[in-house]
1. Show me the helices (runs of 4 or more DSSP H) entirely contained within segment B:1-98 in which 2 or more residues are among the β-branched types (V, I, T) and either surrounded by 23 or more Cβ atoms within 10 Å (Cβ to Cβ) or within 13 Å of another protein chain (Cβ to nearest Cβ) (or both).
2. Can you name the condition, by its number, that A:R264 falls short on among (1) charged (D, E, K, R); (2) within 14 Å of ligand 1 (Cβ to nearest atom); (3) surrounded by fewer than 24 Cβ atoms within 10 Å (Cβ to Cβ)?
3. Regarding A:I331, is this residue touching a residue at least 40 places away in the same chain (Cβ under 8 Å), more than 9 Å from ligand 2 (Cβ to nearest atom) and in a helix (DSSP H, G or I)?
4. Can A:G225 be described as at positive phi and either touching a residue at least 24 places away in the same chain (Cβ under 8 Å) or crowded, with 23+ Cβ neighbours inside 10 Å (or both)?
5. Residue by residue through segment B:145-183, note down the ones that are among the hydroxyl-bearing types (S, T, Y) and touching a strand residue (DSSP E or B) at 6+ places or on another chain (Cβ under 6 Å).
6. Quick check on segment A:14-32. Is at least one of its residues within 19 Å of the chain's Cα centre (by Cα), without any contact (Cβ under 8 Å) to a residue 60 or more places away in the chain and under 28 Å from A:D187 (Cα atoms)?
7. Do we find a residue being within 14 Å of chain B (Cβ to nearest Cβ) and within 30 Å of A:E90 (Cα to Cα) anywhere in segment A:40-63?
Amino acid sequence: MSFFVRGIILEQKKEPMLTRSTLVMRHEYEYFDCDFPDIALDELSREQIIELARLAEIVDESDGKLLCEKLEKTDLGEGGTLIIDAVDDEPYISSQMSGCIHHPEKVALGIELCEKVLSPEKTYVAMYKHIFDTNFSIPKKIGNYKVEKIGGRYPAEGRVYRHIPKGKNAVVVGACAMLHLARAAEDSRKMTSCFITVAGDAILNPRNVEVPVGTSVERIIQLCGLNEKPEVIIMGGSMTGRSIFEPENEVVGPTTRGIIALSRGYHNPSPCIGCGRCDHACPKALSVSTMRKLAEFGDFEKLTRYDAALCIGCGACSYVCPSRIDVAATIIKAKKQMELAKKEGTL
Amino acid sequence: MNESLMFQNAPHVRQSESVRTMMTDVIIALVPIYVMAFFYYGPRALLLGLSGILFCVVFSAIGALVLHEKISFDLTPAITGLVIPLLMPATVDYFVIAAACAVAIFVVKLPFGGTGNNLFNPAAVGFASAAICWPAKVFSYPAPLQTLEIFGENTAAMAQSPAYSLALGAVPEYEVLDMLLGSVPGPMGATNIFVVATCGIFLMVRKTVNWITPVSFLLPYSLLLALFPRIEASSFDSLCYELFSGIAIFGAFFMLSEPVTSPKRDFGKFMAGITSAVAAFLFRYFGELEMGFAYALIIMNVFSPLFDEICEEILHVLRRGGKLKKVFFEKKPKEKTEKEEKLPFVRVLKKKKAEEAPAEAVEENTEAEELSEEEITEEPVIEVSFDETSEEEISEEENEEQEEKEPSEDEKTEEEAAV
Ligand code: SF4
Ligand code: SF4
């Protein structure tokens, strides 16, 4: 039963952001000039597509790298796989998925261009399957491309590679980057905007929005409205994002996936009762409860023995803790200190 | 807007369950058992329970005052106070309960740092010490279905409990069904097996109690009891008598599975369940005390950190398992340097440096080797599948290239030799 299963089941809370259409903040589009304006889309050569990605300054939202560099340097070899990342396994966040669902033709066009550059044998779009709180079903296909549903518990990003043939290469690119690539090819438009999910119980009108890069968090929240005073504002994902204090000075970038405003944060952790739920939840099978104690005492030698370096910072341990202890934060901090100590040679 | 914003660490969504809901669950599960005790022994049973709560909560508050701590409203002392009377007969004096609670709070809990840090199960130690000090009071049971006097001298009719007859080697004169329903003399909360088991299953379904611990205790325990009967009856009858008398089933759900003192890892929980089953069986088989379970539980508590360590050792090897394979069968140290060089920037830089100062480049290479070795031991095991293969392919290609080059050099030398 649950003896061998790792990870946690999360309530996804993706509604109503996912089914509502994307809200676009008005801004001035920027266009670029290219040397080959008249070529039809299906006659573009490999170099020209890379040039397009470079001119449009597209950033891949799944890892923050420049798309043109990624396309240029990746060599898939024979039988490689191109994976379009629209996984979105964190609660609330659905920016990649909604890009796929509301603009399927554009994403499909982007994928087609990308395929031309990388010439993979197989291409699929990866989406997270376990979304129960919506009556909306994940499409079987985006354009001509198959959607592979990534099942299982949070964290699911690691399982994206499950569908590739053994011994072959694969590359992951973000779905929104594909959307921007299609726009660059069709309208010579630069990537000046990014897709962001605005959600949380303090938000009046939770939506996926498309805003210019560099918009302040405060403006985006104003766009969607507040129905009560938020106590915490989070930038990034709901499991891994950070809480911010100055929404007027924080700006969004291409890798920002969401902004979440919660009317109530978590207070007053109680002492650890040693229930072992954190150990059970950890996807890396670490002894989290013992590690937390060691981290509080600063016993780095023993922490190394307990493989603290393997922690991926997913936050599953904090999620399940009934005492509301910041287990993940403690361990991540200790991990950083350990790395520092290792560099200085004291460990 | 910004003054009111609060800092919060990474996962910003949390499970709805908290310690409070867990403790409330346990208390809810204990209520039907008290109702049954009220049905069999009258209001004295409820009063014993209330006094248990009162003693434990007051003692914890005194402890907090002495230690200059804030008095917290946690429910764990209340649970300890509810569990202790259920292990005792309904005729027991109030001062015995008070003594047991005092031991539980002042000896077991507070010296080790309060809730979450105790080494032993407070209820088990409290009960065990009361049983040692007043065995006559703790092990003499009233016959059920009579209303006991609330205060004062005990005038109730006493009876022999099935556990005691079993210890003497006699077959108890009760029906198995009576034992299931609890209308036999015994500890006031542990005899009504039906209700106790239902409440235990409620806790397991609510996931307040991990299913592993009770199951891994009860199965081996029943097996041992069935294999080594003490009385002359069929092994099934003997099993029923042995299992349904005593506090094993109540303890498995409400004491053994207490989170603080049991192991944290799943496999450790299994081991703890089996150990306490064996210990409880040995106490029962060779010991003279009827309630060996409490002592078995204390023994298990002693070993529970050890079980966690063993579990961690096993997992440690398992985590390394993939890596051992990688180091021994797939990766050679030579390839590791190539991995460093595979990054285009590094390669360019190195070429330049090699052109400028070839003597230093050798040293750098050794440095790169060391670095890359470190890196590889730190890599997570799982997510490297495609990286690895690409490296392999590349390295194979390069190996082939090298192999191609080497014979040509040989030829050259041969040619030179010929010349
Ligand atoms: S944050 Fe680290 S320790 Fe916690 S569950 Fe994730 S991998 Fe395990
Ligand atoms: S989940 Fe929380 S209370 Fe339970 S062992 Fe881990 S840190 Fe302690």
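The values are calculated or read from the model by the stated rules, or taken from the named source; none is laboratory data. The shown structure was predicted, so the numbers you read here are calculated from the model rather than taken from an experiment. Note that we place each Cβ from the backbone using ideal geometry, even for glycine, and neighbour counts take in every protein chain shown.
1. Numbers: elements: B:19-41, B:43-66, B:76-86.
Answer list for segment B:1-98: B:19-41, B:76-86.
2. Unmet condition: (2).
3. Working: touching a residue at least 40 places away in the same chain (Cβ under 8 Å): yes; more than 9 Å from ligand 2 (Cβ to nearest atom): yes; in a helix (DSSP H, G or I): yes.
For A:I331, the condition - touching a residue at least 40 places away in the same chain (Cβ under 8 Å), more than 9 Å from ligand 2 (Cβ to nearest atom) and in a helix (DSSP H, G or I) - is met.
4. Values: at positive phi: yes; either touching a residue at least 24 places away in the same chain (Cβ under 8 Å) or crowded, with 23+ Cβ neighbours inside 10 Å (or both): no.
So A:G225 does not fit the description; no.
5. Kept after step one, since they are among the hydroxyl-bearing types (S, T, Y), are these residues of segment B:145-183: B:147, B:155, B:161, B:164-165, B:174, B:183.
Of everything in segment B:145-183, just one residue is among the hydroxyl-bearing types (S, T, Y) and touching a strand residue (DSSP E or B) at 6+ places or on another chain (Cβ under 6 Å), namely B:S161.
6. Within segment A:14-32, not a single residue is within 19 Å of the chain's Cα centre (by Cα), without any contact (Cβ under 8 Å) to a residue 60 or more places away in the chain and under 28 Å from A:D187 (Cα atoms).
7. There is at least one residue in segment A:40-63 that is within 14 Å of chain B (Cβ to nearest Cβ) and within 30 Å of A:E90 (Cα to Cα).
For every residue, the table says whether it meets (1) at pLDDT below 85; (2) surrounded by fewer than 24 Cβ atoms within 10 Å (Cβ to Cβ).
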| residue | (1), (2) |
| --- | --- |
| A:E250 | no, yes |
| A:T255 | no, yes |
| A:I260 | no, no |
| A:N268 | yes, yes |
| A:C278 | no, no |
| A:V288 | no, no |
| A:L294 | no, yes |
| A:F300 | no, yes |
| A:L303 | no, yes |
